[in-house]
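Written below as structure tokens is the structure these notes are about.
What follows is calculated from the coordinates using simple rules that are stated; it is not laboratory data. Just so it is clear, the structure is predicted and the values come from calculations on it, not from any experiment. FYI the Cβ positions are ideal-geometry reconstructions off the backbone, even for glycines, and counts take in every protein chain you see.
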Protein chains: 2
Amino acid sequence: MSRTKIHLLCFCLVIGLCHARQAVAQTKAPSLPPELAKDLAALRDAAMASDYAYRQIAHLTENIGPRPVGSPQAEAAVQYVAGQLRELGLEVRLEEVRAPRWVRGLETAELVDYSGHVTGTAQKVVVTALGGNSPTSNDGITAEVVVVRSFTELEALGSRAVSGKIVLFNVAFDKKKAASGYAGEAYDESVIYRGQGALRAKALGAAAALVRSVGGADYRIPHTGGSRAAGIPAGAVTAEDADLIADLSSQGAVRMHLVLTGVMKEDVKTFNVVADLKGTEHPEQIVIVSGHLDSWDLGTGAIDDAAGVAVAMEAARIVQQLNLHPRRTLRVIAWMDEENFGRGHEAYARAHSAEMQNHVGAIESDLGAGHPMGVDAHVAIAARDRLKPIMQILEPIGANLIHSEEGSPGADIEPLVSAGVPGFGILQDARTYFNYHHTPADTLDKIVPRELQENAAVMAVLGYALAEMPEPLPRQ
Amino acid sequence: MSRTKIHLLCFCLVIGLCHARQAVAQTKAPSLPPELAKDLAALRDAAMASDYAYRQIAHLTENIGPRPVGSPQAEAAVQYVAGQLRELGLEVRLEEVRAPRWVRGLETAELVDYSGHVTGTAQKVVVTALGGNSPTSNDGITAEVVVVRSFTELEALGSRAVSGKIVLFNVAFDKKKAASGYAGEAYDESVIYRGQGALRAKALGAAAALVRSVGGADYRIPHTGGSRAAGIPAGAVTAEDADLIADLSSQGAVRMHLVLTGVMKEDVKTFNVVADLKGTEHPEQIVIVSGHLDSWDLGTGAIDDAAGVAVAMEAARIVQQLNLHPRRTLRVIAWMDEENFGRGHEAYARAHSAEMQNHVGAIESDLGAGHPMGVDAHVAIAARDRLKPIMQILEPIGANLIHSEEGSPGADIEPLVSAGVPGFGILQDARTYFNYHHTPADTLDKIVPRELQENAAVMAVLGYALAEMPEPLPRQ
């Protein structure tokens, strides 16, 4: 996940599940056709008994590895996922995406002068480059660091104080907010500095911009991510290093030597993987189940977002396994370039603009693989009652909540949602998601197999229900 | 802390505090002279009101930085601590220590061939060198990795399977054991592979030895530490990378390219800082309060062990602040070279061998700065009752437990304890200590100011009591 997404994931909600369940039980929701209800329960149970999704993540992360756009690994992942989906009997197409390729380079930083500095030494600063910005030379730059806690503070300093300096946006991720369930809100509050910081600093003549890593870990790991191109080097330092620099700055001028040689390359040709399980009655009507296949390069992209791709694949696999044949087409998409420029979903929206009206639902999982409490439903109000009996199937695994967050349910399905297509994210427990997200620690061990199965169950049940229910949900 | 130390730190103990308190209340312990009891309470309260220890750690970690033996930072720290202790009015000596200097070099690793490997790519492995072993060339070595889970498994493989290979000891730190309070025990169980692994692998002809990081973090950070010199390169990979290698190895041969250029340099001249607050009646009798000043180089050595040095300094400071004049000499020691070869305490034992009998007590804090539950007392049985009223002073801060762990109460006071001197460690809550210990994340933010004050209170109360009580504790 790379984009702003306000994600309400409150502990209260977890506790509130009991109440939600009661509410479902008490409300007279329209019931499902008995055959559909039985099939949905079978899909749920099959998902909970399968290790297919886990094995997909293991292959994508361990055998293939990090999958930044344009890398050999991303291309291998495209071929691998396409092959797996063909093996499931789906009609697979690779749909072309042209996207910029950003390649990480050297990245080092050290404080070379500050109060109490021991002659001949330098304090190492752990830094990582943000995608999409400009490099330093291999020799790097040396400049004073200006520490600010907001854009307001930056503007108040003005260009005289900022020009030629390295600006550090030292805005802490609100760990308490994240731990109490509002991880997305905590993310949004600080990620604006990652996204906009370089631009705002450049406007005042800064030589480079750094952001305090956007995430809750306290293990001195840096969080990469995208930043709006400003034409200056941009990076993230760890929370610990931001504290160090801020503490030393409060005692006097701090000079940093900074090397960030990551560069933008020419656009590459890459692909969304699009795989159809054709509908029996309305093959032209499409329900998307999806995640994104590209990842950042520091970790191996397990929670962000091999997990999303894997549960979408699993949804199709168990529909096949149970020999179900939905009325509408169930389309698995493994999106490309979610993390950087969103060229994957742009290409899809362009290529499929004529059939936008035929998309009857779209689901994306892109907030990890924590326990799902239900769905983030971006649907017409009239659709909510019709969702209830579907989600009730997920009650035994505690995933029956229907909630509507602010913002998008998923970056890649945003164009569809904007066009009125009922859109869904999965309401994962994301309390620790942003500790690992975009870091070297986004690795296979962060996947809890049981929770992954729950996510696959949500994807399969909702995806199949949307493809099979007698009438599609009303558009927004 | 570098050495094996069985540290019982059970949640049961925390809960058991109530019982311990009751036990103290119910047992008729010998009482303290009222004046001493009053002074001890005043020392405790002064420690709880002071930020001196925290400021010392801040300076040592942020202004000076990592302090590996022989580094300019270690020497600056010696001068700084000596200066601070002189300012407190203590008699300060720098006592010479000759110690080997080990200097970290390049350290990279990548998997270059394995099942499913994407041509032209390599999977990055996060590795750090272990101190004291031999370097690879700058070009590194490339060899197959042999994964074992025990020395027994290694021996069973034999030299034919191991010769010329890179051995990975994939023994997981027992996180559950650590979380339930037995952090030291968990550490001991896996640290033998860090300490002995290279020697054992070399004996079978291995080209290099790697150990799964000894610690509980799951943030892909490597834990450095000492290893017995074997004449081959030795390193630690993160838990995540150990899993990756083990998973891929289960699918076929895994080849790694490994660069670890850390080297041993010539011995350097460095120092223990020894600072006396002379006793009024028996200046020749000595009570040591101490921590170690050297640190590993990845982090800034806040919990390991600027904290120990700082609480020892704080103990002396508040004795001075309260204008107390103990009968015996209170000696602050900031030890050098605890982490690598223990040359600091060896030099002290040699230089002070004639006065060993005059040492009446020794305390070292080297397990971080978590909430102290009491002391790890290595004393004669007859001494325990006399400790009770002293420790009772610490009951209001929940630090009154008297416990005796197996092993040493502190590496640097071990020679003293072996010579019969009553020796004490502090029973810190170490449940998360080994997540940060020897990693880049051992930084100032890991110090909780209130808990640090509690540690200073324990050091001050026990140190002063040993120096002032009418009769010294009996020797062991």
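Summing +1 for each Lys or Arg and -1 for each Asp or Glu, what net charge is found among the other residues whose Cβ lies under 15 Å from the Cβ of A:VAL332?
-3
Can you work out ³J(HN,Hα) from phi for every residue in the range A:375-387, in order, using Karplus 6.51 cos²θ - 1.76 cosθ + 1.60 and θ = phi - 60°, giving whole Hz and x for Gly and Pro?
Using θ = phi - 60°, the values come out as 10, 9, 9, 9, 9, 5, 4, 4, 7, 5, 4, 6, 6 Hz.
Is the range B:105-261 rounded, prolate or oblate when judged by the Cα gyration tensor, a ≥ b ≥ c being the square roots of its eigenvalues, rounded requiring a/c under 1.5 and prolate requiring a/b larger than b/c?
Rounded is the answer for the range B:105-261, as its axis ratio a/c remains below 1.5.
How large is ³J(HN,Hα) for each residue in the range A:215-224, as worked out from phi by the Karplus curve 6.51 cos²θ - 1.76 cosθ + 1.60 (θ = phi - 60°), to whole Hz, x for Gly and Pro?
Couplings: x, x, 6, 10, 10, 6, 10, x, 10, 7 Hz.
Go through A:ALA206, A:SER250, B:GLY279 and say which Cα lies farthest out towards the positive end of the charge dipole of the protein assembly as shown; charges sit on Cβ, +1 for Lys and Arg, -1 for Asp and Glu.
B:GLY279
Label the range B:336-453 by shape, choosing from rounded, prolate and oblate, from the square roots a ≥ b ≥ c of the eigenvalues of the Cα gyration tensor; if a/c is under 1.5 it is rounded, and otherwise prolate applies when a/b is larger than b/c, oblate when it is not. Can you show the working numbers first?
Details: a/c = 2.35, a/b = 1.12, b/c = 2.09.
It comes out oblate by the Cα gyration axes.
For A:LEU427, B:LEU444, what's the fewest-to-most ordering of other Cβ within 10 Å of each Cβ? Please report the intermediate quantities before stating the final value.
Details: A:LEU427 26, B:LEU444 22.
By the 10 Å Cβ count, ascending: B:LEU444, A:LEU427.
Work out the charge dipole of chain A with +1 on the Cβ of Lys and Arg and -1 on the Cβ of Asp and Glu about the Cα centre, then indicate which of A:LEU293, A:TYR193, A:GLY374 is farthest towards its positive end.
Farthest towards the positive pole: A:TYR193.
If you put a point 7 Å past Cα along the Cβ direction, how far is that point for B:ARG228 from the same point in each other copy, in nm, smallest first?
In ascending order, 6.0 nm.
Can you give me the relative contact order of the range B:105-261 as a percent, contacts being Cα pairs under 8 Å and 6 or more apart? Before the final figure, lay out the partial values.
Values: 368 pairs, mean separation 62.2, N = 157.
Averaging sequence separation for qualifying contacts and normalising by length gives 40 percent for the range B:105-261.
For B:LYS38, place a label point 7 Å from Cα along the Cα-to-Cβ direction in every copy; what are the distances to the other copies, in nm, shortest first?
The answer, with the shortest distance listed first, is 8.8 nm.
So if I take the centroid of the Cα atoms in the range B:53-110 and the same for the range A:389-424, what is the distance between those two points in Å?
Computed from Cα coordinates, the inter-centre distance equals 56 Å.
Among rounded, prolate and oblate, which fits chain A when a ≥ b ≥ c are the square roots of the eigenvalues of its C-alpha gyration tensor, a/c under 1.5 means rounded, and a/b larger than b/c means prolate? Intermediate values should be presented prior to the final figure.
Working: a/c = 2.29, a/b = 1.85, b/c = 1.24.
Since a/c reaches 1.5 and a/b is larger than b/c, the shape of chain A is classed as prolate.
When each copy gets a label point 7 Å from Cα toward the beta-carbon at B:VAL263, what are the spacings between them in nm, shortest first?
Label point to label point, same position, other copies: 3.2 nm.
Mind putting a number on the dipole of chain B about its Cα centre? Charges go on the C-beta only, +1 for Lys and Arg and -1 for Asp and Glu, and I need it in Debye to the nearest 20.
On the way: 43 positive and 57 negative charges, 94 e Å.
Roughly 460 debye for chain B.
What does the extension gain come out to for B:SER250 and B:THR108, with contour length at 0.36 nm per residue minus their alpha carbon separation? Write down the numbers at each step before the final one.
On the way: separation 142, 0.36 × 142 = 51.12 nm, distance 2.30 nm.
Going from the current span to full extension adds 48.8 nm.
Which of the pairs A:LYS177/A:LYS446; A:LYS176/B:LYS388; A:LYS175/B:LYS175; A:LYS165/B:LYS269; A:LYS176/B:LYS124; B:LYS38/B:LYS177 have their Cα atoms more than 31 Å apart in this structure? Before the final figure, lay out each step's value.
Values: A:LYS177/A:LYS446 21 Å; A:LYS176/B:LYS388 40 Å; A:LYS175/B:LYS175 23 Å; A:LYS165/B:LYS269 40 Å; A:LYS176/B:LYS124 33 Å; B:LYS38/B:LYS177 40 Å.
Beyond 31 Å: A:LYS176/B:LYS388; A:LYS165/B:LYS269; A:LYS176/B:LYS124; B:LYS38/B:LYS177.
Please list, by residue number, every one of the GluC sites (Glu not before Pro) in the range B:359-461 that is coil in DSSP and has at most 16 other beta-carbon atoms within 10 Å.
Working: sites: B:GLU364, B:GLU405, B:GLU406, B:GLU451, B:GLU454; in loops: B:GLU405, B:GLU406.
Hits after loop and neighbour filter: B:GLU406.
Note the angle between two axes, namely the Cα long axis of helix A:72-87 and the longest principal axis of the Cα atoms of chain A, as a number of degrees from 0 to 90, rounded to the nearest 10.
10 degrees
Using 7 Å Cα-to-Cβ label points, what is the A:ASN358/B:SER163 separation (nm, one decimal)?
6.7 nm
Tabulate in residue order the Karplus-calculated ³J(HN,Hα) for the range B:263-275, using 6.51 cos²θ - 1.76 cosθ + 1.60 with θ = phi - 60°, rounded to whole Hz; enter x for Gly and Pro.
With the stated coefficients, the range B:263-275 comes to 9, 7, 10, 5, 4, 10, 9, 9, 8, 7, 8, 10, 10 Hz.
Considering only chain B, what is the antiparallel percent among its DSSP beta bridges, to the nearest 5? Intermediate values should be presented prior to the final figure.
Numbers: 38 of 69 bridges.
Bridges in chain B that DSSP calls antiparallel: roughly 55 percent.
By how many degrees, between 0 and 90 and to the nearest 10, does the Cα long axis of helix B:239-249 differ from the longest principal axis of chain B?
The helix B:239-249 is inclined about 30 degrees to chain B.
Can you give the charge dipole size of the range B:203-314 about its Cα centre, rounded to the nearest 20 debye, using +1 on the beta carbon of Lys and Arg and -1 on the beta carbon of Asp and Glu? Can you show the working numbers first?
On the way: 7 positive and 15 negative charges, 102 e Å.
Roughly 480 debye for the range B:203-314.
In chain A, which residue puts its Cβ closest to the axis that turns chain A onto chain B, and how many whole Å away is it?
Nearest residue, distance rounded to whole Å: A:TYR219, 2.
Out of all DSSP beta bridges with both ends in the protein assembly as shown, state the antiparallel percent to the nearest 5. Before the final figure, lay out the partial values.
Numbers: 76 of 138 bridges.
Of the beta bridges lying entirely in the protein assembly as shown, close to 55 percent run antiparallel.
Note the angle between two axes, namely the Cα long axis of helix A:449-468 and the longest principal axis of the Cα atoms of chain A, as a number of degrees from 0 to 90, rounded to the nearest 10.
It works out to around 50 degrees.
Considering only DSSP beta bridges whose two residues both sit in the range A:105-261, what percent are antiparallel, to the nearest 5?
Details: 16 of 29 bridges.
Counting DSSP beta bridges with both partners in the range A:105-261, the antiparallel share is about 55 percent.
Only counting other Cβ atoms within 10 Å, I'd like B:THR152, B:THR224, B:THR300, A:THR121 sorted with the fewest neighbours first. Write out the running numbers ahead of the final one.
On the way: B:THR152 9, B:THR224 27, B:THR300 30, A:THR121 17.
Ordered from fewest to most neighbouring Cβ atoms within 10 Å, B:THR152, B:THR224, B:THR300, A:THR121 come out as B:THR152, A:THR121, B:THR224, B:THR300.
Would you kindly state how much longer the chain becomes between B:ARG350 and B:ARG450 on full extension, computed as 0.36 nm times their sequence separation minus their alpha carbon distance, in nm to one decimal?
Details: separation 100, 0.36 × 100 = 36.00 nm, distance 3.73 nm.
Length difference between fully extended and current span is 32.3 nm.
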